[in-house]
C-alpha cells in the first residue's frame, strides 16, 4: 500500500508540472501588420527667382527685352506698359526724345523690382524733300481731310493689337535689301514746310522687290490704298511691338494672317506720299516710335544674353 501511495503522489506532481508553463519558453510572435503606404506629394516647384534682367539697345529709339517674374506688371519711366508673358519676357522701348536715364519696373505680388539704364543720346540730321503732291503735305480739301480722319481711326485698330506671341524673341532681319535713302529720326522739311521727324527707315529698291517679314507675327492691318502711306501693312510681333511697311505696290497678306520670319508680305512700290520706289519701314510700341534698324542690332543677342544670366 505504501508503494502504491508513493506512485500516486509522483504522478500528481508530474501532472501539475505539465500543467504549469515553462518560464523559459518563448511565445510565438504575433503577425506584424504592414503599415499603410504613405505617398507624399511631389515637392512643389521652386518659386521663380525675383529678378529683373534686360538686354537690347538702350538708346533713343531703342528697344530691349526684359525677363522677370511671369505676369509681372511692367512700367517704363512710371508709365504702365503691359505685363511680362508666361515665360517672364517683356518688351520695353525708348522714344526719340528720351532722356539720359530709363527706369524699368516690374511689379508682382510681394515683389517690386526696378532697374535703371543709361540711354545713349543720338544726333539727327535735317532732310529736305521736294516735289511731293501738295495735298499730301498740307491738305486743305475737306474730302481729303475727312479721308485722313477715317484712315487714322482705321490704323488705331492695328496699333492697338496685343498678340500673345513671342516673335520679338527671334531677332529681326532686314525686310528688303537696298540702299538706305532716309534714316530714322531725321527732321524733315517737305516742299519747304517743316514737318514732324521721320519715324521710318527708307530703303530704296526697285518696284516689285519682295518685302519679307523681319520676324514672326500676325498681320494687324492691311490696306492697299491709304492717303499718306499707299499700300500699308502692320505686323504685331507680340506685346504690341508693331512693324509697319509703307508705299507698297502689292500686298500678299490679309489682316489676321500669321507670318513667319522671312515670309513675303508684299512688294516695294511708290504709292501714297512718295517720290520714288522704296520701302518705309517703321516700328512702334505702345505709342512710342522706335528705330527698326537699331532693333536688328539690339534684339539679335538679347534672348541669348538673358538665358545665360
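Please treat every number below as a calculation from the coordinates, not as lab data. Predicted, not measured: the structure shown is a model, and the values here were computed from it. Every residue, glycine as well, gets a Cβ built from its backbone with ideal geometry; the counts of neighbours run over all protein chains shown.
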Practice problem: Divide the volume of the convex hull of the Cα atoms of region 99-210 by its number of residues and quote the answer in cubic angstrom per residue. | Solution: 213
Exercise. Name all residues of region 175-213 having a backbone nitrogen under 16 Å from the label point set 7 Å from the Cα of residue 260 along its Cα→Cβ direction, giving them as ranges.
Key: 212-213
Exercise. Compute the distribution of all C-alpha to C-alpha distances in region 126-289, in bins of 10 Å from 0, and list the percent of pairs in each, rounded to whole numbers.
Key: 11, 40, 37, 11, 1
Quiz item: How would you classify region 53-118 from its alpha-carbon gyration tensor, with a ≥ b ≥ c the square roots of the eigenvalues: rounded for a/c under 1.5, else prolate if a/b is greater than b/c, otherwise oblate?
Solution: prolate
Practice problem: Please report, in cubic angstrom per residue, the volume enclosed by the convex hull of the alpha-carbon atoms of region 101-143. | Solution: 155
Quiz item: So what's the gap between the Cα centers of region 128-166 and region 220-241, to the nearest angstrom?
Solution: 11
Quiz prompt | Under 19 Å from the residue 145 label point (7 Å along Cα→beta-carbon), backbone N, region 228-249 | solution = 228
Quiz item: For 111, 98, 278, 237, what ranking results if the residue with the fewest other Cβ atoms within 10 Å of its Cβ goes first?
Solution: 111, 98, 278, 237
Self-check item: Packing-based exposure ordering (other Cβ within 10 Å, fewest first) of 97, 297, 123, 166
Solution: 123, 97, 297, 166
Quiz item: What ranking of 173, 129 emerges when the number of other C-beta atoms within 10 Å of each C-beta is taken as an exposure proxy, fewest first?
Solution: 173, 129
